Amino acid sequence: MDSRWQVLVEAALRSGIFPAAAWLTIPLVRRHEARVDARAATIAMNLTPVFMGSAYRNVGVQKLLDGVSYFLPCPTDVKNIALDIDDGEKETE
């Protein structure tokens, strides 16, 4: 297993995002299942994905766009709430 992937899995287990019992019964964590859980945690605002790349020679740009489209919620996935400053910061949708 890649050492960076191992660090990610250990951090996820420490944070309590993923159920530990599921990780202990599977010898190798399937990336798809981890991505699904990470997306759910991101939508629930329990996880903040961080992406790195460079615009120089487009290094990492496509992976950045793929990660944004996969992990970040679309407007229909979350409830958008704004505060109306003129009405005493009343919550409005």
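The values are calculated or read from the model by the stated rules, or taken from the named source; none is laboratory data. In this text, all values refer to a predicted model and were calculated from it rather than measured experimentally. Accessible surface areas use protein heavy atoms only, side chains included; no ligands, DNA or RNA. Shrake-Rupley method; radii C 1.70, N 1.55, O 1.52, S 1.80 Å.
Provide Rg over Rh for the stretch 45-91; use the alpha carbon set for both Rg and the Kirkwood Rh (inverse mean inverse pair distance). The Rg/Rh ratio comes out at 1.21. Ranking D86, D37 from most to least accessible surface, computed with a 1.4 Å probe over the protein chains only, gives D86, D37.
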